Amino acid sequence: MNEQLKAILEVLIFISQEPLTLEKMKEVLGEVPDGELEAALNSLLSDYGAEERGIQVVRSAGGFLFTTKPEHDQWVRRLLQIEKKTKLSSAALETLSLIAYHQPITQAEISAIRGVDSTYCLKSLLQKKLIKIVGRKKAPGNPLVYRTSERFLQYFGLNSLDDLPKEEEIAKILEEEKQAIS
């Protein structure tokens with residue numbers, strides 16, 4: 001194991017303004033063999049996964065970044081004088097999940113599925129940068145088309161949209177909850 005390479009990866013992830021992808025690491029460290037790079041990265045992930053550490057390296061939005069461990073959240077927020085993360089309303093969560101699972105999607109399609117006007121929710125999600133406008137649909141009126149953003153992945157701690165629960169998984173969880181209530 002090349003300890004110097006591990007230290008370089010640590011610095012690159014630390015200094016990166018956004019999740020650092022494996023491709024970007026390879027671009028920066030061009031002469032390093034893939035196997036050696038992956039071994040150093042795995043060793044770094046293992047080191048920061050230790051319980052005695054206050055920070056961790058996590059996969060998010062297709063790359064790697066440093067985060068504080070959730071159990072230390074209250075002290076970090078106190079130091080930085082940060083209010084608790086604003087929670088999304090149930091309507092916003094419903095709208096966001098529709099976009100995540102049916103993207104690209106228009107406002108009319110979202111409203112038709114939800115059965116209510118979704119204008120306010122879309123504006124709120126756009127302001128929070130959890131969704132983005134990706135163009136217009138070739139349909140009467142050329143409506144705007146929405147997709148989830150990279151911030152959506154970071155907000156929910158997902159590496160990619162493939163990490164979203166599948167319909168079968170959701171159905172199984174709902175069935176288990178239903179049986180538990182009965």
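A short reminder: the numbers here are calculations on the coordinates, not readings from a lab. Source: prediction; values computed, not measured. Cβ placement follows ideal geometry from the backbone for every residue including glycine, while neighbour counts extend to all protein chains displayed.
For this structure, a couple of remarks:
- When both segment 82-133 and segment 12-71 are represented by their alpha-carbon centers, they are found 31 Å apart.
- The chain, relative contact order [Cα under 8 Å, separation at least 6], %: 18
- Residue pairs exceeding 26 angstrom between C-alpha atoms, taken from 69/128; 6/129; 137/172; 138/166; 87/129: 6/129; 137/172; 138/166.
- Helical runs (DSSP H, four residues minimum) scored at -39500 (n - 2.57) apiece and divided by the length of the chain put the mean residue ellipticity at 222 nm at -15500 deg cm²/dmol.
- Radius of gyration over Kirkwood radius for segment 62-182, both on Cα atoms: the Rg/Rh ratio is 1.03.
- In terms of packing, defined here as the mean over residues of other Cβ atoms within 10 angstrom, the peptides 158-171, 99-112, 126-139 line up highest first as 99-112, 126-139, 158-171.
- Of the residues 119, 179, 152, the one whose Cα sits farthest towards the positive end of the charge dipole of the chain is 119 (charges of +1 on Lys and Arg Cβ, -1 on Asp and Glu Cβ, taken about the Cα centre).
- Segment 90-181: relative contact order as a whole-number percent, Cα under 8 Å and 6+ apart: 25
- Phi-derived couplings, Karplus 6.51 cos²θ - 1.76 cosθ + 1.60 at θ = phi - 60°, listed residue by residue for segment 102-112: 10, 5, x, 8, 9, 4, 4, 5, 5, 4, 5 Hz, with x used for Gly and Pro.
- Charged side chains reduced to their Cβ positions (Lys and Arg at +1, Asp and Glu at -1) give the chain a dipole of some 1220 debye around its Cα centre.
- Here segment 90-181 is assigned +1 on the Cβ of each Lys and Arg and -1 on the Cβ of each Asp and Glu. Its dipole about the Cα centre then comes out at about 700 debye.
- Value in Å of the Kirkwood radius, where segment 1-144 supplies the Cα pairs that are averaged: 18.6
- For residue 63, no residue has an amide H sitting under 5 Å from its own, ignoring neighbours fewer than 5 places away on the same chain, with H placed 1.01 Å from N.
- GNM top mover of 80, 29, 45 - the chain, alpha-carbon springs below 10 Å: 80
- Counted residue by residue at 0.36 nm each, then reduced by the alpha carbon distance between them, the extension gain from residue 2 to residue 14 reaches 2.5 nm.
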